[in-house]
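**Student:** This is the structure I have questions about; it appears just below.
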Amino acid sequence: MSFSSTAGYLARRAAQKERVRILYRRALKDTLNWAVHRHLFYRDASDLRERFEANKHVEDLDTIDKLIADGEASYNKWRHPDPYIVPWAPGGSKFTRNPTPPEGIEIIYDYGREDH
Amino acid sequence: MALRAAVLRHLRVPVQFFALARRECQPPLCSGGSLRLFSSHDDHLTKDEVIERVLSVIRCHPKVDPSKVSPDVHFQKDLGLDSLDTVEIVMALEEEFKLEIPDKEADKIDSCDLAIEYVYNHPMAS
């Protein structure tokens, strides 16, 4: 009984740690989206870090779950409507915009009737 | 007119001569002679360049002791960072190489050699 409960405890802890890491990652990216200048971002990021550090030593699993849920709700509430997307990624400004092929390259559309 | 066209068709000017003569009086435009095409993604990073840039990013993190950084360190075991610092480093790497790493994959990157491997194998790293 003790082994299974320990394993259950560890699994739940690991899942919580992963949720916190991903929440911190998304929140940090969102902080960068909201910050107009880099020097504003640094202060906001350290504030965000302090909010995470404040609950670092909480031990009770249910309390941790509640804190994570609160954090995720707060993240979803303040999420940036138009976040920065890397240009090549889906939604980015260069997504599926390919350079024209070089001179002399001709695309022949045979639609399945190529001789090979 | 026909004569002029015929002459022009057969006239060959040694371009190299002019290029050499011009190089003597003004410095070359791009040092090293390498031409970089801004629209191309064919110029993949070399492994050495990836390693060097990843290490410089990690050294710049305020909680890292720069003398301990080497290509095979583990962020939490060797550098004494916690999981949130790891998240910050991975985000700094994303900005350095102009990447967008999905959350689940970024979560797996917890050591320097994994980061180097991921960036080196990413087709859009630049």
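The values are calculated or read from the model by the stated rules, or taken from the named source; none is laboratory data. The shown structure was predicted, so the numbers you read here are calculated from the model rather than taken from an experiment. Because the Cβ atoms are built from the backbone with ideal geometry, glycine has one as well, and the counts that use them run over all protein chains shown. Just so you know, the surface numbers come from the protein's heavy atoms only, side chains and all, with ligands and any DNA or RNA stripped out. Shrake-Rupley method; radii C 1.70, N 1.55, O 1.52, S 1.80 Å.
**Student:** Look at B:Pro123 and say whether it is at negative phi, more than 14 Å from every other protein chain (Cβ to nearest Cβ) and at pLDDT below 90.
**Tutor:** When the stated conditions are applied, B:Pro123 does not pass them.
**Student:** Within the set of pairs 6 or more residues apart or between chains, which connect a residue that is within 21 Å of B:Glu95 (Cα to Cα) inside the stretch B:58-73 to a residue that is acidic (Asp, Glu) and open to solvent by 60 Å² or more (accessible area, probe 1.4 Å) with Cβ atoms less than 7 Å apart?
**Tutor:** B:Pro71/B:Asp113
**Student:** Where in the stretch B:40-126 are there helices (runs of 4 or more DSSP H), lying wholly inside it, with at least 1 residues that are open to solvent by 50 Å² or more (accessible area, probe 1.4 Å) and closer than 18 Å to A:Arg49 by Cβ? Please lay out each step first, then the result.
**Tutor:** Numbers: elements: B:47-60, B:83-96, B:103-108, B:112-121.
Where helices (runs of 4 or more DSSP H) fall fully within the stretch B:40-126 and carry at least 1 residues being open to solvent by 50 Å² or more (accessible area, probe 1.4 Å) and closer than 18 Å to A:Arg49 by Cβ, they are B:47-60, B:83-96.
**Student:** Restricting to the stretch A:42-51, and then to whatever is surrounded by 15 or more Cβ atoms within 10 Å (Cβ to Cβ) and within 11 Å of another protein chain (Cβ to nearest Cβ), can you tell me which residue is farthest from A:Ile68 (Cα to Cα)?
**Tutor:** Ranking the qualifying residues of the stretch A:42-51, first place goes to A:Ala45.
**Student:** Checking the conditions here, which among A:Asp30, A:Asp65 is open to solvent by less than 50 Å² (accessible area, probe 1.4 Å), touching a Lys or Arg at 6+ places or on another chain (Cβ under 8 Å) and under 21 Å from B:Val87 (Cα atoms)?
**Tutor:** A:Asp30
**Student:** Could you check how many residues of the stretch A:52-73 are part of a helix (DSSP H, G or I) and within 11 Å of chain B (Cβ to nearest Cβ)? Break it down stepwise before answering.
**Tutor:** Our first condition is that a residue be part of a helix (DSSP H, G or I); within the stretch A:52-73, this holds for A:52-54, A:61-73.
Checking the rest, the ones that are also within 11 Å of chain B (Cβ to nearest Cβ) come to A:52-53.
The total comes to 2.
**Student:** Further question on the same structure: I need a count of the residues in the stretch A:26-40 that are of a type in the set (A, V, I, L, M, F, W, C) and away from chain B (no Cβ under 11 Å).
**Tutor:** Within the stretch A:26-40, the first condition is being of a type in the set (A, V, I, L, M, F, W, C), and the residues that meet it are A:27-28, A:32, A:34-36, A:40.
If we keep only those that are away from chain B (no Cβ under 11 Å) too, we end up with A:34-36, A:40.
Count: 4.
**Student:** Anything in the stretch A:13-25 that is within 7 Å of chain B (Cβ to nearest Cβ) and either within 9 Å of the chain's Cα centre (by Cα) or crowded, with 18+ Cβ neighbours inside 10 Å (or both)? List them, or say none. Before the answer, list the steps.
**Tutor:** Residues of the stretch A:13-25 within 7 Å of chain B (Cβ to nearest Cβ): A:17-18, A:21-22, A:24-25.
Listed by number, the residues that qualify are A:Arg21, A:Ile22, A:Tyr24, A:Arg25.
**Student:** Out of A:Leu61, A:Leu48, A:Leu10, which single residue is in contact (Cβ under 8 Å) with a residue 12 or more places away in the chain, more than 14 Å from the chain's Cα centre (by Cα) and over 22 Å from B:Ile101 (Cα atoms)? Break it down stepwise before answering.
**Tutor:** On the way: A:Leu48 fails: over 22 Å from B:Ile101 (Cα atoms); A:Leu10 fails: in contact (Cβ under 8 Å) with a residue 12 or more places away in the chain.
Selected residue: A:Leu61, the only one of A:Leu61, A:Leu48, A:Leu10 that is in contact (Cβ under 8 Å) with a residue 12 or more places away in the chain, more than 14 Å from the chain's Cα centre (by Cα) and over 22 Å from B:Ile101 (Cα atoms).
**Student:** In the stretch A:70-82, what residues are surrounded by 12 or more Cβ atoms within 10 Å (Cβ to Cβ) and of a type outside the set (Ser, Thr, Tyr)?
**Tutor:** Residues satisfying the conditions are A:Gly71, A:Glu72, A:Arg79, A:His80.
**Student:** Something else now. Quick check: is even one residue across the stretch A:4-18 in a helix (DSSP H, G or I) and of a type in the set (Val, Ile, Thr)?
**Tutor:** Taking every residue of the stretch A:4-18 in turn, at least one turns out to be in a helix (DSSP H, G or I) and of a type in the set (Val, Ile, Thr).
**Student:** With the structure loaded, tell me whether B:Glu105 is among the charged types (D, E, K, R) and within 14 Å of the chain's Cα centre (by Cα) or whether it fails that test.
**Tutor:** No: the conditions fail for B:Glu105.
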